[in-house]
Amino acid sequence: MLQFFGRGSAFDLEQNSAFFTDGDDIVLIDCPMSSFHKLIRMNIEQLTETRNVRIIFVFVTHTHGDHVSGIATLIQYAYYVWHVPIVIAAPSSEVKDDLRFLFGRLEGCDMAAFHLTTADMLKVWIKDIIPTTHVPGLAGRCFGYHLCVGNKNIIYTGDTNTLEPYKQYITEDSNTYFYTEASVSKSPVHIYLPDEIDYLSALADKGVNVFLMHLDNTQKASEMIKGTGIRLAPLY
């Protein structure tokens, strides 16, 4: 369902960012600078049904630089070069205020160049916004998403150190797509793959489409999931 411009964590060359298309709309989940660079090298019209991009949406999970560093430049590029409207969707009103300060005050974007809203206003795709825990400095400002795209049940963790908030949205069937961050190095701010591999493998055995993203070591993660139904998030 989702495709990825990158699936690496903060120190990777291609950082984590997903997207999907709906008709002539393009929807990104986060946009690090590495994803912006990929976008401007491609013909984005080819992603849409009529090759006429209507709106670009960006859902934000949290405000770490490896998730939002490309958004301000994307705003300006979309406005001045592509002439395509862009909508930035924050997961909460507090994060919306943070983004207004970031894009308007620090980045100096023309406020006419984008529309800033909260993700709960985009009910066409958003079923729920899922608060989670990640780092102490962003307490209360880190989120995942429960989406419905093409009648598929999609759960996207964003950066998290626990899977508990997401489990209630998982139905154990092939209509569910679960995208979770995973780390092979143990830390208090990310999912430690060895701790969760049995749970994720059991979901995959029941038909759930389980994908790993935001990887700190893709090779080691690949080795760890051999023989299971768990897959790496698909790169575009």
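Count the net charge of all other residues whose Cβ sits under 10 Å from the Cβ of residue 10, scoring Lys and Arg as +1 and Asp and Glu as -1.
Computed value for this residue: -4.
What are the lysines whose alpha-carbon lies under 16 Å from the alpha-carbon of residue 220, with same-chain residues fewer than 8 places away excluded?
Within the straight-line limit of under 16 Å, residue 220 reaches these lysines: 186.
List the pairs from 38/226; 206/226; 38/123; 123/206; 127/152 whose alpha-carbon separation is above 19 Å, in the order I gave them.
Exceeds cut-off: 38/226; 38/123; 123/206.
Inverting the mean 1/r over all pairs of different Cα atoms, compute the Kirkwood radius of segment 69-135 and quote it in Å.
Evaluated on segment 69-135, it is 12.8 Å.
Give, rounded to the nearest 20 debye, the magnitude of the charge dipole that segment 1-72 has about its Cα centre when Lys and Arg contribute +1 at Cβ and Asp and Glu contribute -1 at Cβ.
Roughly 140 debye, rounded to the nearest 20.
For residue 197, what is the net charge nearby, where nearby means another residue's Cβ is under 14 Å from its Cβ and Lys, Arg count +1, Asp, Glu -1?
-2
Which value in deg cm²/dmol, rounded to the nearest 500, describes the helix-derived mean residue ellipticity at 222 nm for the chain, given -39,500 (n - 2.57) per DSSP H run of n ≥ 4 and division by the residue count?
Result for the chain: -5500 deg cm²/dmol, rounded to the nearest 500.
Would you mind working out the magnitude of the charge dipole of segment 3-232 relative to its Cα centre, with +1 at each Lys and Arg C-beta and -1 at each Asp and Glu C-beta, to the nearest 20 Debye?
240
Please give, to one decimal in nm, the separation of the simple spin-label points placed at residue 148 and residue 120, each 7 Å out from Cα toward the Cβ.
With each label point 7 Å from Cα toward Cβ, the separation is 1.8 nm.
Order by neighbour count: 64, 37, fewest other Cβ atoms within 10 Å first, most last.
Starting with the residue having the fewest Cβ neighbours, the order is 37, 64.
Output the relative contact order of segment 52-144, whole-number percent, from Cα pairs under 8 angstrom with separation of 6+ residues.
Relative contact order comes out at 29 percent.
If you average the C-alpha positions of segment 39-67 and of segment 122-151 separately, how far apart do those two centres end up, in angstrom?
Segment 39-67 and segment 122-151 have Cα centres separated by 18 Å.
Restricting to bridges with both residues inside segment 3-232, how much of the DSSP beta-bridge set is antiparallel, in percent to the nearest 5?
So the antiparallel bridges in segment 3-232 amount to around 40 percent.
Taking the Cβ of each residue in 30, 25, 205 as the centre, tally the other Cβ atoms inside 10 Å and list the residues starting with the fewest.
In increasing order of surrounding Cβ atoms, one gets 205, 25, 30.
To the nearest 10 degrees, how steeply does helix 193-205 sit against the main Cα axis of the chain, on a 0 to 90 scale?
The answer is roughly 90 degrees.
Counting each pair of different Cα atoms once, what's the Kirkwood radius of segment 22-89 in Å, rounded to one decimal?
Mean inverse Cα-Cα distance, inverted, gives 11.9 Å.
Given 0.36 nm per residue, what is the gain on full extension from residue 198 to residue 97 after removing their alpha carbon distance, in nm?
The span from residue 198 to residue 97 would gain 32.4 nm if fully extended.
Given a cut-off of under 8 Å on Cα pairs at least six residues apart, what relative contact order in percent is computed for the chain?
Contact order relative to length: 16 percent.
The numbers here are math on the coordinates, done by the rules we state, and not lab data. Because the structure is predicted, anything quoted here is derived from the model rather than measured. Ideal geometry is used to build each Cβ from the backbone, glycine not excepted, and the neighbour counts take in all protein chains shown.
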